[in-house]
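*Asks:* Please find one structure pasted underneath; my questions will follow.
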Amino acid sequence: MNRIWSKKILHAVVGSVLLSAAVPFSQAETTVYPATMNSEDIAGAIFDRPGTLVKGEGSDTVWDVTSLLSSDGRFASGMYLAGKSRWEINEPYGVDEFMYFLEGGVTLTSSDGTVTKISAGEAVTIPKEWTGIWETDGYKKIWVIYSEDGSALE
């Protein structure tokens, strides 16, 4: 084998090794795990996780934890804890959201005046087109959201 040819092979091999070293092994061999919430998490320990969003102060404080954000950024799940609030939703809700209430509940008054009450141990799914009034004395819920373009989950 001539020297020029063996140098080309050596450069190709070294270049290939360097290129593969630029991509971490963990990216090529990533293990994906289920997102879980155990009984302690559901009792409230989940809000101690790093990454918990805490907004407001005192009785206006809300805690929001995302337990899973899908790889395409369109689907997410987590838990939310909030105190008394009332929101008028005049623009469409914007996401499809399933909620299972662990504590408290919510009264949803649709724009046509229809009232839906959800209590602890019950669930509701709000379609992205929904408008109305959201009223609560406080609640803890597990939520699952689908956002077609993913913008609501950022």
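Every number in this text was worked out from the coordinates using simple rules, so none of it is lab data. Since this is a predicted model, take the numbers as computed values, not measurements. In this analysis, Cβ positions are derived from the backbone assuming ideal geometry, glycine residues included, and neighbour counts consider all displayed protein chains.
*Asks:* Placing +1 on the Cβ of each Lys and Arg and -1 on the Cβ of each Asp and Glu in segment 32-153, which of G132, G73, L53 has its Cα farthest towards the positive end of the resulting dipole?
*Replies:* L53
*Asks:* Here's another thing I want to ask about it. Using only alpha-carbon positions, what ratio does the radius of gyration of segment 32-153 give when scaled by 2.2 N^0.38 Å?
*Replies:* The reported ratio for this selection is 1.05.
*Asks:* Continuing with this model, one more query. What residues have an amide H closer than 5 Å to that of I89, excluding those fewer than 5 places away on the same chain, when H is modeled at 1.01 Å from N in the peptide plane?
*Replies:* Result for I89 returns G132, I133, W134.
*Asks:* Let's see if you can work this out: charge +1 on each Lys and Arg Cβ, -1 on each Asp and Glu Cβ, no other charges. What is the dipole magnitude of segment 32-153 about its Cα centre, in debye to the nearest 20?
*Replies:* 200
*Asks:* Using a 7 Å offset from the Cα along the Cα-to-Cβ direction at both S151 and T30, what is the distance between the two label points in nm, to one decimal?
*Replies:* So the two model labels end up 2.5 nm from each other.
*Asks:* A further question on this structure: Between W87 and A43, what is the label-to-label distance in nm when each label sits 7 Å out along the Cα-to-Cβ direction?
*Replies:* Taking the two extended label points, one gets 3.0 nm.
*Asks:* Right, something else. Provide the per-residue ³J(HN,Hα) series for segment 74-84, in order, calculated from phi with Karplus coefficients 6.51, -1.76, 1.60 and θ = phi - 60°, each as a whole number of Hz, with x at glycine and proline positions.
*Replies:* With coefficients 6.51, -1.76 and 1.60, one gets 9, 9, 8, 9, x, 10, 9, 10, 9, x, 4 Hz.
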